[in-house]
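Right, one structure below, let's go through it.
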Amino acid sequence: MAADLLIVWHSRTGAARALAHAAHAAAGQGARLIAAADATIDDLLGAGGYLFVCPENLGALSGAMKDLFDRSYYPLLGRVEGRPYATVIAAGSAGQGAETQLDRIVTGWRLKRVAEGVIVNLGAQTPEAIMAEKTVPAAALAQAGELGAALAEGLAHGIF
């Protein structure tokens, strides 16, 4: 198993993409960044830990992130136990639905949550605001960066 952090993301309006890129920039060379649609079984197997970054859509994981789990759940079952993970959710009002759904899925893989989830509430409530390209506040980008750096360092030093 590699010590590298795999940052898997999906974004429809730019918020989760910006958060994933901030986490990756702060994590440095100890991390790989890949879109959920492009992630393969080999990518997931080759990582020492994971940061999943996505929006909450209608109180649940975004479709592309759910598709990643649908494609990879059974091929990885019994092969990634104990690996660390954390989450960053971009939300319009809540975020807990997507986080809870993701946590339930990876419980089957026996992944180990090693950091409290980051939920970035952007307050988009109208159809126009929900579908608009998002600008993520600097403080939220910094928080995602700190999480990415901490996960990469923890993996590099064998803490997780």
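Worth pointing out:
- You will find that of T87, T40, the residue that is within 13 Å of the chain's Cα centre (by Cα) and of a type in the set (S, T, N, Q) is T87 and no other.
- Residue check for A25: assigned to a helix (DSSP H, G or I), more than 14 Å from the chain's Cα centre (by Cα) and not acidic (D, E): yes
- Applying the set (1) at negative phi; (2) in a loop (DSSP other than H, G, I, E, B) to G123 leaves exactly one unmet item: (1).
- Cβ pairs under 8 Å, 6+ apart, first in the range 119-136 and within 15 Å of H10 (Cα to Cα), second open to solvent by 80 Å² or more (accessible area, probe 1.4 Å): I119/Q96; V120/Q143
- Annotation for the range 32-50: no member residue is in contact (Cβ under 8 Å) with a residue 60 or more places away in the chain and of a type in the set (A, V, I, L, M).
- Test: residue in the range 128-139 that is open to solvent by 30 Å² or more (accessible area, probe 1.4 Å), under 14 Å from the mean Cα position of the chain (by Cα), within 25 Å of F69 (Cα to Cα) and not charged (D, E, K, R): no
- Check on F52, aromatic (F, W, Y) and touching a strand residue (DSSP E or B) at 6+ places or on another chain (Cβ under 6 Å): yes
- Qualifying position, being polar (S, T, N, Q), closer than 26 Å to G123 by Cα, in contact (Cβ under 8 Å) with a residue 24 or more places away in the chain and open to solvent by 50 Å² or more (accessible area, probe 1.4 Å), among S93, S62: S93
- G78 being in a loop (DSSP other than H, G, I, E, B) and out of contact with any helix residue (DSSP H, G or I) (no Cβ under 8 Å at 6 or more places or on another chain): yes
- In this structure, I34 qualifies as surrounded by fewer than 21 Cβ atoms within 10 Å (Cβ to Cβ), modelled with pLDDT of 95 or more and assigned to a strand (DSSP E or B).
- Residues within the range 1-31 that are open to solvent by 30 Å² or more (accessible area, probe 1.4 Å) and either modelled with pLDDT under 95 or farther than 20 Å from T135 by Cα (or both), tallied: 7
- Test: V106 is over 27 Å from A140 (Cβ atoms) and among the β-branched types (V, I, T): no
- Single condition G148 does not satisfy, out of (1) touching a helix residue (DSSP H, G or I) at 6+ places or on another chain (Cβ under 6 Å); (2) open to solvent by 70 Å² or more (accessible area, probe 1.4 Å); (3) outside any loop (DSSP other than H, G, I, E, B); (4) not basic (K, R): (2)
The values are calculated or read from the model by the stated rules, or taken from the named source; none is laboratory data. Fair warning: this is a prediction, and the values are worked out from it, not measured in the lab. Counting neighbours? That spans all protein chains shown, and the Cβs are built from the backbone with ideal geometry, glycine included. For the accessible areas, the whole protein counts, side chains as well, though only heavy atoms, and no ligand, DNA or RNA atoms are used. Shrake-Rupley method; radii C 1.70, N 1.55, O 1.52, S 1.80 Å.
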